[in-house]
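Participant: Pasting a structure below so you can have a look.
The values are calculated or read from the model by the stated rules, or taken from the named source; none is laboratory data. Fair warning: this is a prediction, and the values are worked out from it, not measured in the lab. All Cβ positions, even for glycine, are placed from backbone atoms using ideal geometry, and neighbour counts span all protein chains on display.
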Amino acid sequence: LKLLKDRNPQHKVTIIDDDERKKLVSDALKRVQTKDKKYSMRAKTALMCIIEAKQQILDPGEYIHRAGETADLQIRQAGEIYRIYQRLLSIQRLHDYEDLIFKVVRLLESDSDACQTYRDLYRHIFVDEYQDLNIGQYRIIRALAPPQSRENDICIIGDPDQSIYGFRGSNSEFFNRFGRDYPDARVIHLTRNYRSAKTILDASYQVILADRMTSGEVRTYSQIDGVRTISMMALSNEKYEAEAIARII
């Protein structure tokens with residue numbers, strides 16, 4: 001948001017929330033429909049398509065073009081709704097959350113002078129939870145700290161076994177390929193857990209093994225000796241679960 005404001009200080013940048021975004025998508029859907037052109041797509045489905053397209057850094061035309069001649073009706077309809085939706089945002093000088101990443105990626109990749117300005121400004125880059133990067137965030141990092149450059153320091157931390165943002169387009173493969181992107185990077189394995197007792201780690205390790213994102217036997221250990229068993233509760237709904245936890249605490 002700061003970068004976008006810096007580039008256009010005379011324009012006020014307003015971020016809309018989820019409710020406002022839903023209303024604008026519904027408005028866009030109404031605008032694309034005519035007497036002879038009825039859309040079967042629901043606003044909620046269109047919104048999910050728009051979010052996915054922006055996370056992939058695709059504008060409306062690119063979204064449809066990437067699907068090629070085989071693009072199904074849903075993609076074509078979503079692309080047209082996306083186009084009108086962006087027009088509504090632009091007219092009112094509004095941005096949604098995906099725009100923050102989308103527009104900064106386009107800025108850094110299309111304007112070499114602006115990109116160099118921010119490389120000079122941000123000489124040391126630290127990225128936490130690297131396993132939860134999506135393609136847009138990955139491209140921002142690559143722009144600010146290009147692998148072939150030795151001007152910028154980059155330090156990342158993450159654990160692909162803890163990736164939880166798949167719904168936001170995250171891909172733990174970006175974490176796994178970091179060593180290939182930055183072959184001179186030093187790797188430090190953090191294997192000691194200072195938070196959980198050994199029993200918790202032993203149990204969680206069994207769960208992780210079933211769907212592990214990485215190979216090898218590397219695991220965390222703890223020197224905290226706690227309760228030797230794990231209690232499990234089955235409750236009928238979230239309200240009772242919250243109440244039971246509160247009472248136990």
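Participant: Could you tell me whether E109 is acidic (D, E), surrounded by 17 or more Cβ atoms within 10 Å (Cβ to Cβ) and either modelled with pLDDT of 95 or more or more than 29 Å from D6 (Cβ to Cβ) (or both)?
Facilitator: No; evaluated as a whole, the condition is false for this residue.
Rundown of residues vs (1) of a type in the set (K, R); (2) loosely packed, with under 10 Cβ neighbours inside 10 Å; (3) closer than 23 Å to Y118 by Cβ, yes/no style:
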residue	(1), (2), (3)
I156	no, no, yes
S163	no, no, no
N176	no, no, no
D184	no, yes, yes
Q223	no, yes, no
I230	no, no, no
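Participant: Ok, one more. What are the residue pairs meeting all of these: first residue in the range 146-158, first residue touching a residue at least 12 places away in the same chain (Cβ under 8 Å), second residue in a loop (DSSP other than H, G, I, E, B), Cβ atoms under 6 Å, and 6 or more apart or on different chains?
Facilitator: The qualifying pairs are P147/Y182; N152/R123; N152/A145; I154/A145; I157/D128; G158/E129.
Participant: Can I ask one more? Assess whether P147 counts as being in contact with a helix residue (DSSP H, G or I) (Cβ under 6 Å, 6 or more places away or on another chain), farther than 30 Å from C49 by Cα and not in a helix (DSSP H, G or I). Reasoning before the result, please.
Facilitator: Numbers: in contact with a helix residue (DSSP H, G or I) (Cβ under 6 Å, 6 or more places away or on another chain): yes; farther than 30 Å from C49 by Cα: yes; not in a helix (DSSP H, G or I): yes.
Here the answer is yes, as P147 does meet what is asked.
Participant: Just give me the residues in the range 164-218 being basic (K, R), free of Cβ contacts under 8 Å to residues at least 40 places away in the same chain and either in contact with a Pro (Cβ under 8 Å, 6 or more places away or on another chain) or outside any helix (DSSP H, G or I) (or both), in sequence order.
Facilitator: R177, R186, R192, R195
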